[in-house]
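Everything on this sheet refers to the single structure shown next.
Rule-based calculations on the coordinates, nothing more; no lab input. Every value quoted in this text rests on a predicted model; they were computed, and no experiment measured them. Glycine also receives a Cβ, built like all others from the backbone with ideal geometry; neighbour counts cover every protein chain displayed.
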Ligand SMILES: [Zn+2]
């Protein structure tokens, strides 16, 4: 165990991400209208998560963590917000990203996706302090489109997070539940499935416009992150009317 703990400490010394913090007792933190609660994670699961975090975040410039207000990553289990179990929770009130080291950890691709998705909520909050509305982004959608009632109500919807070609302008059903989830889904898949999106935006002008907007949001918050999304729709012709290039 001593060797393993030393390995985790050594791992963090070598890396550019915020420190991964392990709990030694259950924690309850008041955030917004609810409590974040979590418990200590088994060491082996913490170690797996720490390795995964470093691997997934290695392309992020260190300044992005600073600009997004992420100063620590808490590794834990039985993570919940207001009693609802979650794989990860962004806590911008306390500059913390909570990661459940066990929930969904065995589902191929899921724990990697969750890291990028939840980190984007921190970016989104740092961008303008408003996560749950974005009129500029919403205007990129077809005029008749309305978002659903938030990701919190889709946690148990079957296949809500599965990539699909069947919803023009969106990557997943989950992305249609709220503007904040739309942005976070597009950011996460832009990192993990850029070839898929590169193909989609050749025929999906709404999605192409969203990629351009997403890159502008990143560039405005953190110039060092301007190349983090290596998808380039700029050369595509689009007739979409809402086509902002700045924040
Ligand atoms: Zn989300």
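Here are a few things to note about the model shown:
- Centre-to-centre, using Cα atoms only, the stretch 169-196 and the stretch 41-86 are separated by 20 Å.
- The tail of the calculated P(r) for the stretch 132-247 beyond 23 Å holds 24 percent of all Cα-Cα pairs.
- Mean-square fluctuations from a GNM of the chain, with a 10 angstrom spring cutoff on Cα atoms, peak among 126, 25, 184 at 25.
- Counting every alpha-carbon pair across the chain, the share separated by more than 35 Å comes to 13%.
- Whether the stretch 1-104 is rounded, prolate or oblate, judged on the alpha carbon gyration tensor where a/c under 1.5 counts as rounded: oblate
- You can think of it this way: the chain between residue 165 and residue 224 has 18.1 nm of extra reach, that is 0.36 nm per residue less the Cα-Cα gap.
- Normalised contact order of the chain, rounded percent, pairs of Cα under 8 Å and 6 or more residues apart: 15 percent
- Per-residue Cβ neighbour rank within 10 angstrom, fewest leading, 144, 190, 107: 144, 107, 190
- Estimated FRET transfer efficiency (residue 216, residue 71; beta-carbon r; R0 22 Å; 0.05): 0.30
- Under the criterion of Cα pairs below 8 Å and six or more residues apart, the relative contact order for the stretch 1-104 equals 28 percent.
- With 0.36 nm allotted per residue and the present C-alpha distance subtracted, the residue 199-residue 152 stretch has 13.9 nm of extension available.
- Stretchable slack from residue 128 to residue 144, in nm (0.36 nm times residue separation minus alpha-carbon distance): 3.2 nm
- Rel. contact order, % - alpha carbon contacts under 8 angstrom, at least six apart, the stretch 132-247: 26 percent
- Per-peptide packing, taken as the mean over residues of other Cβ atoms within 10 Å, places 82-91, 170-179, 203-212 in the sequence 170-179, 203-212, 82-91 from highest down.
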